[in-house]
Amino acid sequence: LLTLIIADAALETVPESLRDHTAVRRSAASRGKRSDEVLLDRSYHHAAMLRLKDHSRRGRPDLVHFALLEAAATPLYSEDRLRICVHMFGGKAIFMGEQVRLPRSYLRFVGLMEQLLQEGKVVSGGRRLLESVDMDFGGLVDRIGASSVVGLSRSGRPSGFEAVAEDLASEEDAALVVGGFPRGHFTAETASCLDQVFSVNRRPLEAHVVIARALYEYETQVLGK
Ligand SMILES: C[S@@+](CC[C@H](N)C(=O)[O-])C[C@H]1O[C@@H](n2cnc3c(N)ncnc32)[C@H](O)[C@@H]1O
């Protein structure tokens, strides 16, 4: 089983220091919510975010939405050969169940994440679709029990998608780690848990493109074409 971890993901509820900011309260009220219930989103909270530490890497749930849709649409996931997790900025892990169909609509995805982060789980028909747990990245790696943790970053050792997939397929329970942030590199905490880090292109690519290509190569090796 391969585990995909979308790491240092720019997905979090509005942090306490910004909850009284006018732009934050207004955008929450327009959705009938309190400002502690909504996701931090740069498209609505840009002005408020300027005072946040690491603001350029935060408040992009859309990146996580794209990445999750991409991963969950693969035959690998449909055939229960891929487990999908997110590790959020600020230290929470999200575990996605098997055969979960995520909303295509961004607004519905945001609503689902807000529900998950408030209630700790999303259950449907007695099945746990999503679960969120407070844990650091090392705790997540331990819980997965990965035999090898492979990160992708432009600052890694030059390689290619095919070679990385071969490496992953040679392990019983590998984890593939892709950043869920718009710019910059993995946090020191995440980087310290990676056994190997590869660069797969000299250009910076979007996380969903990297995920689609890496999973395609891995799938070809373990399931065939
Ligand atoms: C938008 S990028 C983050 C920005 C960063 N400048 C970068 O290029 O790694 C999101 C994620 O995609 C992956 N990624 C993007 N370009 C890559 C590359 N050329 N090689 C390996 N991974 C890459 C990394 O996991 C990265 O954290």
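Return yes when VAL164 is near the ligand (Cβ under 9 Å from one of its atoms), under 14 Å from GLU217 (Cα atoms) and outside any loop (DSSP other than H, G, I, E, B) and no when it is not.
yes
Filtering region 167-193 down to residues that are out of contact with any Leu (no Cβ under 9 Å at 6 or more places or on another chain) and surrounded by 15 or more Cβ atoms within 10 Å (Cβ to Cβ), which residue is nearest to GLU219 (Cα to Cα)?
ASP167
Determine whether region 66-79 contains at least one residue that is among the hydroxyl-bearing types (Ser, Thr, Tyr) and surrounded by 15 or more Cβ atoms within 10 Å (Cβ to Cβ).
Looking through region 66-79, at least one residue is among the hydroxyl-bearing types (Ser, Thr, Tyr) and surrounded by 15 or more Cβ atoms within 10 Å (Cβ to Cβ).
Search region 87-140 for residues being of a type in the set (Val, Ile, Thr) and under 15 Å from LEU39 (Cα atoms), and hand back the single one that is nearest to the chain's Cα centre (by Cα).
ILE94
Hey, among ASP36, ASP41, ASP62, which residue is of a type in the set (Asp, Glu) and in contact with a Gly (Cβ under 7 Å, 6 or more places away or on another chain)? Give the derivation first.
Working: ASP36 fails: in contact with a Gly (Cβ under 7 Å, 6 or more places away or on another chain); ASP62 fails: in contact with a Gly (Cβ under 7 Å, 6 or more places away or on another chain).
Among ASP36, ASP41, ASP62, only ASP41 is of a type in the set (Asp, Glu) and in contact with a Gly (Cβ under 7 Å, 6 or more places away or on another chain).
Give region 188-208 a look and list any residue that's under 14 Å from the mean Cα position of the chain (by Cα) and more than 8 Å from the ligand (Cβ to nearest atom), or say none.
Within region 188-208, THR190, HIS208 qualify.
Could you tell me which residue of region 51-65 is nearest to ARG104 (Cα to Cα), considering only residues that are more than 12 Å from the chain's Cα centre (by Cα) and in a loop (DSSP other than H, G, I, E, B)?
So, considering only residues that are more than 12 Å from the chain's Cα centre (by Cα) and in a loop (DSSP other than H, G, I, E, B), the one nearest to ARG104 (Cα to Cα) is GLY59.
Can you go through VAL141, VAL122 and tell me which one is hydrophobic (A, V, I, L, M, F, W, C) and either in a strand (DSSP E or B) or surrounded by fewer than 19 Cβ atoms within 10 Å (Cβ to Cβ) (or both)?
Residue meeting the stated conditions: VAL122.
Here are some residues: SER170, SER153. Which one is within 16 Å of the ligand (Cβ to nearest atom) and of a type in the set (Ser, Thr, Tyr)?
SER153
Coordinate-derived values only; no laboratory data. Here the structure is a predicted model, which is why all the values come from computation and not from measurement. Heads up, the Cβs are rebuilt from the backbone with ideal geometry, glycines too, and the neighbour counts pull from every protein chain shown.
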